[in-house]
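Below: one structure, written as structure tokens.
No value in this document is a laboratory result; all are computed from the given coordinates. All figures in this text were calculated on a predicted structure; none of them were measured in a lab. Neighbour counts are summed over all protein chains in view; Cβ atoms, including those assigned to glycine, are modelled from backbone coordinates with ideal geometry.
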Amino acid sequence: MSADPLLRVDDLSVHFGGNQGILDRFLGDDKGVVRAVDNVSLDIGENDVVALVGESGCGKTTLGKAMIGLQRPTSGTVRFRGQDIWKSDLEPGDIPYKEIRKSLQMVHQDAGNSLDPNRTIFKNLNPALKKWRPELNLVERRELVHQMLDTVGLTPADDYASRYPHQLSGGEAQRTVIVRSMLLEPDLILADEAVSALDVSLRVNLMDLLLELQEMFSTSFVFISHNMANARYLAGRADGRIAVMYLGRIVEIGPADEIIKNPQHPYTKSLLWATSGLSEINDPIETPPVRKIDIPDPENPPSGCRFHTRCPEAREYCTSNTPDLAGMSGPSDRHEAACFDAHDSIDYRNSEPLTDDLDIGVADDAEQPAD
């Protein structure tokens, strides 16, 4: 990644809840606080694709919203082209705050609910153009909407522009909200489970559309999914990366092909095992590669490595020490993992394996592959 990425996240944390008083904070008592995102760092380049993957509740959406300015972080920074997006509204910089907001857009999971049912498609799309591109008159805005509807396959465009949301299929509604984001010519789009509500064939078609739009407009995408197969498809075809999250932290990130064929973190291996069609790429095993079924309480995450309570490779050293996300030796310098076993830590090797009984279980978010 270049020294000056499109978006840079440094030590970002987002914590929720807790009824802390002044004395609690002074004593460091954070009981009841959910660390949805905890000290995450990530760079997004120009025309880049990163797929965030993990079980429900791991912090994917919270991280994504903080990255585009929709969720204020507890600590850390998010910089767009070098400028802190959370200070730009208070401390004007080289890039106006309004321009930053326009450049960072989102496509929601439930397209139908993000469209006003009482307005036609054009009237749903027009307000964003009117607000963010005031130089365009009504005729120019209508022409631009029709062009984008044509681009995403909603033809004839004049017919679709006059329809109401209830007259669209699920796939058509999702294409419509993609148009709404793309009309603003953003530099980065957060696609939050944008294909999860569609059947397999429609998922592939919509992901192909996202890739076409990325190439056409040089837009970067952060694609959130709990489905490893979807992440592999999108990130793999875009030469992007898959970032695996667990309990608020990125535990592995790298090129899609390396994550799938050479996973280094035990949690990544469990997600691959749970995804039909992907586990065959690795050595087939009959039992899931986890020690415990249940995910720990995010209000009280395990000490040390947060995955050690479920990790079949865990040792005593993992219970009190936190592994850093560090580069792997291999064909790519973009592959990183937060695992003592993956980095062959001497202290880890010299400690005793955890001996509690193994449970038979696996992530409950497994789905069928996208293709």
Once the piece of chain linking Asp333 and Ser201 is laid out straight, how much longer is it, given 0.36 nm per residue of separation minus the C-alpha distance between them?
44.1 nm
So if I restrict to the alpha-carbon atoms in the range 135-221, what is the Rg, and what is Dmax, the biggest pairwise distance, in Å?
13.0, 40
Regarding the range 62-152, what are the three Cα extents along the principal axes, ordered largest first, in Å?
41, 31, 23
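Could you tell me which of the pairs Lys87/Lys131; Lys65/Lys261; Lys65/Lys102; Lys87/Lys130 are separated by over 19 angstrom between their Cα atoms in the structure shown?
Beyond 19 Å between Cα atoms: Lys87/Lys131; Lys65/Lys261; Lys87/Lys130.
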List the GluC sites (Glu not before Pro) within the range 111-192 that fall in a DSSP loop (any state other than H, G, I, E or B) and whose Cβ has at most 13 other Cβ atoms within 10 Å.
Glu135
If each of Asn118 and Asp297 carries a label point 7 Å out from its Cα toward its Cβ, how far apart are those two points in nm?
4.4 nm
Starting from the Cα gyration tensor of the range 300-344, multiply each eigenvalue by 5, take the square root, and state the resulting semi-axes largest first in whole Å.
22, 10, 8
Which length gain, in nm to one decimal place, applies between Asp344 and Gln147 when the Cα-Cα distance is subtracted from 0.36 nm times their residue separation?
65.5 nm
Distance in nm between label sites at Ser56 and Asp10, each 7 Å beyond Cα in the beta-carbon direction?
3.7 nm
Under 5 Å between amide H atoms, partner at least 5 residues away or on a different chain: which partners does Thr74 have, H built in plane at 1.01 Å?
Ser13, Val14, His15
Students often get this wrong: which residues of the range 153-168 have the backbone nitrogen under 17 Å from the point 7 angstrom along Cα-to-C-beta of Met216?
153-161
